[in-house]
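The values are calculated or read from the model by the stated rules, or taken from the named source; none is laboratory data. None of the values given here were measured: they were computed from a predicted structure. Heads up, the Cβs are rebuilt from the backbone with ideal geometry, glycines too, and the neighbour counts pull from every protein chain shown.
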Amino acid sequence: MGSMFRSEEVALVQLFLPTAAAYTCVSRLGELGLVEFRDLNASVSAFQRRFVVDVRRCEELEKTFTFLQEEVRRAGLVLPPPEGRLPAPPPRDLLRIQEETERLAQELRDVRGNQQALRVQLHQLQLHAAVLGQGHGPQLAAAHTYAASERTPLLQAPGGPHQDLRVNFVAGAVEPHKAPALERLLWRACRGFLIASFRELEQPLEHPVTGEPATWMTFLISYWGEQIGQKIRKITDCFHCHIFPFLEQEEACHAALQQLQQQSQELREVLGETERFLSQVLGRVQQLLPPAQAQVHKMKAVYLALNQCSVSTTHKCLIAEVWCATQDLPALQEALRDSSTEEGVSAVAHRIPSREMPPTLIRTNRFTASFQGIVDAYGVGRYQEVNPAPYTIITFPFLFAVMFGDVGHGLLMFLFALAMVLAENRPAVKTAQNEIWQTFFGGRYLLLLMGLFSVYTGFIYNECFSRASSIFPSGWSVAAMANQSGWSDAFLAQHTMLTLDPNVTGVFLGPYPFGIDPIWSLAANHLSFLNSFKMKMSVILGVVHMAFGVVLGVFNHMHFGQRHRLLLETLPELTFLLGLFGYLVFLVIYKWLRVSATNAASAPSILIHFINMFLFSHSPTNRPLYPRQEVVQAMLVVLALAMVPVLLLGTPLHLLCRHRRRLRRPTGRKQEDKAGLLGLPDASVNGWGSDEEKAGGLEDEQEAELVPSEVFMHQAIHTIEFCLGCVSNTASYLRLWALSLAHAQLSEVLWAMVMRIGLGLGREVGVAAVVLVPIFAAFAVMTVAILLVMEGLSAFLHALRLHWVEFQNKFYSGTGYKLSPFTFAAADD
Amino acid sequence: MAHHGLTVPLIAISMFWGFVSFSVSWFIPKSLSRVVIITLLVTCSICCCLFWLIAILSHLSLLFGPQLKNETSWYLKHHFLVEEDMLYSASR
């Protein structure tokens, strides 16, 4: 975890890479994943950069890889992942990889083509054999009789067209879905002049290209007349039927069949050989492809990174500018030294000052990553501003738990998260593709803490699946009340609702030591008590959370050297917040401690006191909590209102004064500053340390950019946002009350409507047990779906909102950007 | 315990969370994340302690009592707190 409190120090480093060693150096840097390259050629288009040829070669190679991958997938094989970490190959190896890949691709294409052709041929042979083999018996017989009587005229027809009554045959095969249409068309076109018989093959044949089995229909058409013959041929051509020569004699038929069978046998052997060769080629592809793919991917990345460097022809080297964490500078220099001494040259790296805001780098481990993730989702922090994540690790699950408090539900959530955490190293879990599961899995530590805190708040709220438990004896004694107020059994029978009075001695024995007294879950007016408790709790937690946020701003002001803001912003903000809402918290606690049941009838109302405080008015019926309350309140309001102009005008006026004082200084100093202003990004100013860089940068910034109207406007917006925000944000924390009430009520309804009915059914053990099974199933499903998933998501969202808006807008700007290092890590996974 | 007060639970809970935040912090091994873990422990202690404190303060001296149904009152009177009753009448 390291120092998560603010971003690590990130420096701009200039690298001088001699041309001979540039590739190896960048490849080494990619393996380490330490630095982020800045694009120095942003104005140059992608086609005009130096290494565009190499990038293009890599891309072409990747196209071939995709083709090979597709072929492997088509054959149903799987590409094994590459073993070990392969570094990016030197440029001369690219030619070898390219040649091998091309050769394999060509072979594969040839073999595939051959296989296709052979398959088509086989299909034809099979169809022919089927057509010949298909017995069109009666037709033949009929045809024979026709043939026999070909010389005798059929009907007493007047010669002419009926002279050539020679019967001819057309035999072929047609696809099954076209057969009815073919039949219909033949009938319509050549009605009366042909006899067509369609028969379906018993066995389906595989389609040569797609491999799908299809049952073909063979047909035998006997016709007479030349024109009819031509018509039939045209029609069958249209329908893409396969036509085969038909042999009437049995022997010729048999001979042809045998020949066909022999041919198809030979063809099958050749096909077998082809497929064996194909699988051989695919095996070679499987071996070659994964490492080659990984290597070329890395090579392309290296060339893209090199494209971002600027070329210095005088020094024969490439100049790169990278963002690097100061901690990693020694590692960076060592890596450069190692990779460049191989080539016999030396690469140099040194820090340069930067006027831009560096990227933010916060190192996290798998536990803190999810919490940093939810902070970053709002906005990545500015360089070196206070990071709310380490506090969020506790406060986020805590505020969630305040809205979700239930021992049973919390325990279920905790166990679910625990299961995920314990199974996190299993490969099956890591490679799951389901997005929703990935979301839950990514937040497993979040869920773990949320469940744990929910169990705690569940104990405090005394709710376990909406049932209260008496771990300690309750602090209310009904017996005492009954004895003192004469609650005989007859009295009880007459009155349906009776209230316990804490004024009676012995009824209230003291506060329940841990949480809410269990008697309240039996009471009809439990919401009156709980609402009051939860509302006050929300306000107290809210004021504490917001005050904490303002205090965190102090660390920002101290770190950036803006101590004037401590006095001119933090102090007025704290006074305003605590003077008004801190006083409200004080009133709440004071009333809890001081006002007791003895004078309950005339108990003061905090709400009315608070309203009167702002309106400077007085309610005679509302007695004060302590003497001279009105004076104190008036003072606080005046003080808070007095802080508003301080907040509004303090910082801008201070900045203006400082600016004027600086302008009045002698010109010599100004020249120096001007030189600083004109400093180029790649000037090698070796002596600047981090402090001078920070202070110098700041001075230049303020000198160059102090526009009075902007500063006043900015401060006005900040003031209004803070003051109005105080009121609205405090009220916003009441959602803690609202959601916990909703959860408790839903839980109670589920119990009363489902489980209690189930438990109250039937006296016999058998009936109750059998009925309880589906009832419990319904209870469990609704608990998980409504209370865990829906309420959980809802409470998560609201806790997130409280953090993002109410807490973080007191100190966090979130306008930075992350350091995304140049790394091959994605390729290795 | 027939009579609850504020003092005993207050001391017990404060000691517990104090132990968690101070003593456990000493035993965290020196590593990169030591400061963060200590921050977590302290934040956790403060949050949980505050929450418990609010809960117990809210019913320290209540202005009204629970309103029970007569069946509940009857049951509690006769079956649940019989021990309490005996102790109470013995001490009177």
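Structure values in brief
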read-out: Scan of the range A:456-473 for residues that are in a loop (DSSP other than H, G, I, E, B) and crowded, with 21+ Cβ neighbours inside 10 Å, ordered by number; value: A:Asn462, A:Glu463, A:Ser466
read-out: Residue list for the range A:442-455, filter: surrounded by fewer than 22 Cβ atoms within 10 Å (Cβ to Cβ) and among the hydroxyl-bearing types (Ser, Thr, Tyr); value: A:Tyr445
read-out: Any hit, the range A:601-614, residues being within 30 Å of A:Val707 (Cα to Cα), under 47 Å from the mean Cα position of the chain (by Cα) and either within 14 Å of chain B (Cβ to nearest Cβ) or without any contact (Cβ under 8 Å) to a residue 40 or more places away in the chain (or both); value: no
read-out: Every residue from the range A:728-754 that is touching a helix residue (DSSP H, G or I) at 6+ places or on another chain (Cβ under 8 Å), of a type in the set (A, V, I, L, M) and either outside the structural domain of A:Met643 (by the TED database) or surrounded by fewer than 20 Cβ atoms within 10 Å (Cβ to Cβ) (or both); value: A:Leu734, A:Leu741, A:Ala742, A:Leu746, A:Leu750, A:Val754
read-out: Positions within the range A:727-751 being within 16 Å of A:Ile786 (Cβ to Cβ) and in contact with a Ser or Thr (Cβ under 6 Å, 6 or more places away or on another chain), in sequence order; value: A:Ser747, A:Glu748, A:Trp751
read-out: Residue tally, condition out of contact with any helix residue (DSSP H, G or I) (no Cβ under 7 Å at 6 or more places or on another chain) and assigned to a helix (DSSP H, G or I), over the range A:760-774; value: 8
read-out: Residues being out of contact with any Phe, Trp or Tyr (no Cβ under 8 Å at 6 or more places or on another chain) and in a strand (DSSP E or B) - total across the range A:474-515; value: 1
read-out: Unique match (being assigned to a helix (DSSP H, G or I) and facing another protein chain (nearest Cβ under 9 Å)) among B:Leu62, B:Leu10, B:Leu50; value: B:Leu50
read-out: Flag if A:Thr667 is more than 30 Å from A:Ser596 (Cα to Cα), at pLDDT 90 or above and of a type in the set (Ser, Thr, Tyr); value: no
read-out: Criterion: surrounded by fewer than 20 Cβ atoms within 10 Å (Cβ to Cβ), of a type outside the set (Gly, Ala, Ser), facing chain B (nearest Cβ under 7 Å) and in contact with a helix residue (DSSP H, G or I) (Cβ under 9 Å, 6 or more places away or on another chain) - qualifying residue of A:Leu498, A:Leu492; value: A:Leu492
read-out: Verdict on A:Asn462 being in contact (Cβ under 8 Å) with a residue 24 or more places away in the chain, facing chain B (nearest Cβ under 10 Å) and out of contact with any Cys (no Cβ under 6 Å at 6 or more places or on another chain); value: yes
read-out: In the range A:209-255, the residues that are farther than 19 Å from A:Gln134 by Cα and part of a loop (DSSP other than H, G, I, E, B); value: A:Val209, A:Thr210, A:Gly211, A:Glu212, A:Gly225, A:Phe239, A:His240
read-out: Condition broken by A:Pro397, with the remaining ones in (1) within 23 Å of A:Leu739 (Cβ to Cβ); (2) surrounded by fewer than 16 Cβ atoms within 10 Å (Cβ to Cβ) satisfied; value: (2)
read-out: Index of the failed condition, A:Val646 passing every other in (1) free of Cβ contacts under 8 Å to residues at least 24 places away in the same chain; (2) farther than 21 Å from A:Met535 by Cβ; (3) away from chain B (no Cβ under 14 Å); value: (1)
read-out: Pick from the range A:378-394, criterion small (Gly, Ala, Ser) and more than 14 Å from every other protein chain (Cβ to nearest Cβ), ranking: surrounded by the most Cβ atoms within 10 Å (Cβ to Cβ); value: A:Gly381
read-out: Flag for A:Leu418 being farther than 23 Å from A:His798 by Cβ and modelled with pLDDT of 95 or more; value: yes
